[in-house]
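A.B. asks: Take this structure first; my questions come after.
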Amino acid sequence: MNFTKMHGCQNDFVFINCMNENLSQFDLNDLARRLCDRRLGVGADGLILVRPSDKADAFMQIFNADGSEDTMCGNGIRCTAKYVYDHNIIPAERSHTSIDTADGVKEIDLTINNGKVEIARVNMGIPRITSKLPEAINVNGLDLKFYGIDDGTDHAVYFIEDNPAINGINSWADSDFAKLGVYFETHERFPNRTSSDFIEIISRNEINMRVFERGCGETMACGTGATASVFAGVLSGKLDNNVLVHLRGGDLRIEVDGGKCCYLIGPAVEVFAGEF
């Protein structure tokens, strides 16, 4: 099969165009694990299948690196928007696309340079609140507070200023962060597992973020996590409506439009194509 490797702020994906490729012979959960394996496969945080849609320009089906299917991915959908434009699924004169997902249709504005998409602005809709604001939790002996936000995938947002027990987590060694991250992801409070976002506030318009994603472990960036974190910050009065989010793999910008919708803005990059 042919594939394309893409990333958004180093959150990377293997793309397969299912308008051309027939994957009916594959167990898709197993295929995701094989393709995403960084030693024996292509290597990625997730597998994205671009499928036909009767509601939008394409349907994005996403699998995590562990083979589990997910509903939405902020960096992934920006890459999907780039894919449908750069690979001529939509006409070249368009600067807008719509992508169907398990969380509904998302509308995306495209910034194009030299015939290729560089930046995508995604209307993420209004996230859903899934916890008390905030809610107390004990994780591996640590007494903490989090904000539960669902913007297509479940997130627990931890503001460092509210949680002295994890002060400095953004500079922890990767191995230490990975060990603790599993406790956050699989806590009994989250029967379907959750992604965990750790936020250091720089100002009302700027934050640092580190993320441990459900089904992937630590990733270099998470678009739904950035959206959920800024939305939680606006709800709590900690942040303004336009925030620059610094992640390990790059920067994203989140705009919260007066309680009507959230916008996720950031780059999308094609790395290489090949055959598996």
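The values are calculated or read from the model by the stated rules, or taken from the named source; none is laboratory data. Note that the structure is a prediction, hence the values are computed from the model and not measured. Glycine also receives a Cβ, built like all others from the backbone with ideal geometry; neighbour counts cover every protein chain displayed. These accessible areas exclude ligands, DNA and RNA; they are computed on the full protein's heavy atoms, side chains included. Shrake-Rupley method; radii C 1.70, N 1.55, O 1.52, S 1.80 Å.
A.B. asks: Checking residue 17 against (1) touching a residue at least 60 places away in the same chain (Cβ under 8 Å); (2) within 29 Å of residue 246 (Cβ to Cβ), which test does it fail?
C.D. replies: Among (1) touching a residue at least 60 places away in the same chain (Cβ under 8 Å); (2) within 29 Å of residue 246 (Cβ to Cβ), the lone unmet condition for residue 17 is (2).
A.B. asks: For the stretch 82-103, which positions are farther than 21 Å from residue 271 by Cα, open to solvent by 20 Å² or more (accessible area, probe 1.4 Å), under 23 Å from the mean Cα position of the chain (by Cα) and not small (Gly, Ala, Ser)?
C.D. replies: Passing the criteria: 96, 103.
A.B. asks: Okay, next question. Which residues, counting only those in the stretch 104-140, are in contact with a Pro (Cβ under 7 Å, 6 or more places away or on another chain) and exposed (fewer than 15 other Cβ atoms within 10 Å of the Cβ)?
C.D. replies: Hit for the stretch 104-140 is 118, nothing else.
A.B. asks: Give the residues of the stretch 164-204 that are open to solvent by less than 70 Å² (accessible area, probe 1.4 Å), polar (S, T, N, Q) and closer than 25 Å to residue 73 by Cβ, sorted by residue number.
C.D. replies: Within the stretch 164-204, 170, 194, 195, 196 meet the criteria.
A.B. asks: To continue, here is another question. Which of the numbered conditions does residue 182 fail, given that it passes all the others? Conditions: (1) assigned to a helix (DSSP H, G or I); (2) at positive phi.
C.D. replies: Among (1) assigned to a helix (DSSP H, G or I); (2) at positive phi, residue 182 violates only (2).
A.B. asks: Right, next: Restricted to the stretch 141-152, and to residues that are open to solvent by less than 10 Å² (accessible area, probe 1.4 Å) and in contact with a Ser or Thr (Cβ under 6 Å, 6 or more places away or on another chain), which residue is nearest to residue 228 (Cα to Cα)?
C.D. replies: Looking at the filtered set, the residue picked out is 151.
A.B. asks: Can you find a residue that is closer than 22 Å to residue 44 by Cβ, assigned to a helix (DSSP H, G or I) and touching a residue at least 12 places away in the same chain (Cβ under 8 Å) anywhere in the stretch 186-204?
C.D. replies: no
A.B. asks: Would the stretch 215-233 turn up any residue that is farther than 20 Å from residue 73 by Cβ and open to solvent by 30 Å² or more (accessible area, probe 1.4 Å)?
C.D. replies: no
A.B. asks: Same structure again: Being touching a strand residue (DSSP E or B) at 6+ places or on another chain (Cβ under 9 Å) and either assigned to a strand (DSSP E or B) or among the charged types (D, E, K, R) (or both) is the filter here, so list the residues in the stretch 206-227 that pass it.
C.D. replies: Within the stretch 206-227, 206, 207, 208, 209, 210, 211, 212, 213, 214, 218, 219 meet the criteria.
A.B. asks: Of the residues 46, 41, which is under 16 Å from the mean Cα position of the chain (by Cα) and of a type outside the set (A, V, I, L, M)?
C.D. replies: 46
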